[in-house]
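Peer 1: Structure provided below as structure tokens; questions to follow.
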Amino acid sequence: MSADVAIGTKREAAATVIHPAWVRICHWINAVAILVMIGSGWQIYDASPLFDFTFPRQIALGNWLAGALLWHFAAMWVLVINGIVYVTLGIVTGRFRRKLLPISPREIFADAKAALTFRLSHDDLSHYNAIQRVLYAGIILTGVVIVLSGLSIWKPVQFQELTAFFGGYDTARYVHFFAMATIVGFLIVHITLALIVPKSLRAMVAGR
Amino acid sequence: MRNRKIIPGVDQKLLIKDAATLMPEPTRRMFLRSAATLGALTFLTGCDIIDGDTAENLLRKVSSFNDGAQALLFSRTKLAPTFPESAITKPFPFNAYYDEDEAPEIDGKTYKLEISGLVENKKPWTLDELYKLPEVSQITRHVCVEGWSAIGSWQGARLSDFLQRIGADTRAKYVWFKCAEGYTNTIDMPTALHPQTQMTFKYHNRILPRAYGYPIKIRIPTKLGFKNPKYVVAMEVTNTDKGGYWENQGYNWFSGL
């Protein structure tokens, strides 16, 4: 009898796994890599700012340009390899399709209205609302853009076709910057909501 | 250029770094370590790339790995994009770790380019002799490690032609350049032999002005700006990596574009 209960609980537990291990591992590796990329990227930006502001040195990584570049081009490998693993598994396992699709403008509009009036529920963590779907799909696409625009700045001769696709070297720098700004904007919302709904954070650590 | 206002800030730190670089290696390490231990000279540790030797060593190892990755990516035949005259950046920026009025002033009449290393003919070259070499021209983008870029027009001799003329062993790994102010640079042989790598004598069809590296700049449109030495006075074909001014301070060695 008690054994039956135990088995039942186990099955239930298996069924309620929200994030499989590969998602959690990729998520946290990505979290570290992207913070290093952003922090060092700010320091690199400061060497030749695109706008009339610089990032405070206290929050920029690497102490000076050379250090920042060392960090940036080391974390780059972690970000890209982890990103390729994540996107491949996301497609192959069908997780992206199940979790992120379909994205319908009507639903986004309805859920955006609910979110703005604080009536959008996060109760069922295994199901993404339209806002989550569009944001998570959008941030994956932004990840692709930031990597490709980064490659086009790093290698404007060897990858000159890619650089041309982004409108040339100078324009690609702006694309890279705005992709960073998009990710930072996403992170502010993402981390705020994870703190407001702590069980979502627990799910990304423990899986459920 | 916006970068100008940043350079003075970088300068002071480099001055201290330079002071440390001038010391023999063991002294230098002890110097930095004791400074860190004392904590009294915290501004010195601020020059360290990051805190801790282990992390710095690891980052430098990844940077060496990146040298290899970039060498693999480098194509001997892929040319840097070229631009029309109308795209030239005016004025083309002066850029160095010192101010323009501190740039070396070289007397062209007495100037000689010293040749050494794995070459058959080590005879020094005068400017008149160099100016007689077949001229090539390019309008390409100069990309600075800081991120900004500028398009310029350069004329001179193909470095690969020159290396052939002096009987250089092109199986050697590196070409090392020394500049009048003490700046140094090492480049890989495949880049030295790239068709666009140029011994530059002219900027926009006029004798190279002092600001742009008179009398010789090595123009390499497949590398970042700091790998394009100016005021070049000596060249060596070698199998020993002798590093370079910025590379020794942490900039990536290959720095290919």
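Peer 1: With both partners inside the protein assembly as shown, how many of the DSSP beta bridges are antiparallel, as a percent to the nearest 5?
Peer 2: Here the antiparallel bridges make up roughly 90 percent for the protein assembly as shown.
Peer 1: If we count other beta carbons within 10 Å of each Cβ, what is the order of A:F186, B:F177, fewest first?
Peer 2: Ranking A:F186, B:F177 by Cβ neighbours within 10 Å, fewest first, gives A:F186, B:F177.
Peer 1: Here's a follow-up. Kirkwood hydrodynamic radius, the protein assembly as shown, all distinct C-alpha pairs: what's the number in Å?
Peer 2: That comes to 25.2 Å for the protein assembly as shown.
Peer 1: Over the Cα atoms of the range A:23-76, what Rg and Dmax result, in angstrom?
Peer 2: Expressed in Å, the Cα Rg and Dmax of the range A:23-76 come to 12.0, 39.
Peer 1: Next up: Taking the Cα-to-Cβ direction at B:Y131 and at A:A137 and moving 7 Å from each Cα, how far apart do the two end points lie in nm?
Peer 2: The modelled label-to-label distance comes out at 6.7 nm.
Peer 1: Ok, one more. Could you give the distance between the Cα centres of the range A:107-146 and the range B:141-201, to the whole Å?
Peer 2: 52
Peer 1: Let me ask another. Mind checking the mean number of beta-carbon atoms from other chains within 10 Å of the Cβ atoms in A:184-194?
Peer 2: 0
Peer 1: Take peptide A:43-49, look around each residue's Cβ out to 10 angstrom, count Cβ atoms belonging to other protein chains, and average those counts.
Peer 2: 5
Peer 1: Continuing with this model, one more query. How high is the FRET efficiency between B:I166 and B:T89 when r is their beta carbon distance and R₀ equals 30 Å, given to the nearest 0.05?
Peer 2: 0.35
Peer 1: Okay, next question. Using amide H atoms built in the peptide plane, which far-off residues or other-chain residues are under 5 Å from B:K223 H to H?
Peer 2: Correct list: B:L257.
Peer 1: For the range A:94-208, what is the Kirkwood estimate of the hydrodynamic radius, computed as the reciprocal of the mean inverse distance between distinct Cα atoms, to one decimal in Å?
Peer 2: 16.1
Peer 1: Of the cross-linked pairs B:K90/B:K123; B:K78/B:K112; A:K113/A:K199; B:K122/B:K227; B:K202/B:K223; B:K61/B:K90, which ones have a Cα-Cα span greater than 31 Å in the structure shown?
Peer 2: Those over the limit are B:K90/B:K123; B:K78/B:K112; B:K61/B:K90.
Peer 1: Filter the chymotrypsin sites (Phe, Trp or Tyr not before Pro) in the range A:81-148 to those in DSSP coil with at most 15 other Cβ atoms within 10 Å of their Cβ, and list the result.
Peer 2: A:F118
Peer 1: For A:A194 paired with A:R208, estimate the spin-label separation in nm (one decimal), with each label point 7 Å from Cα along the Cα-to-Cβ line.
Peer 2: Label at A:A194, label at A:R208, 2.2 nm between them.
Peer 1: What order do you get for B:139-150, B:87-98, B:220-231 when each peptide is scored by the mean count of other beta carbon atoms within 10 Å, highest first?
Peer 2: Highest mean packing first, the order is B:220-231, B:139-150, B:87-98.
None of the figures in this text is laboratory data; all of them are computed from the coordinates on show. Because the structure is a prediction, the values reported are computed rather than measured. Here Cβ is always computed from backbone atoms with ideal geometry, including for glycine, and neighbour counts include all displayed protein chains.
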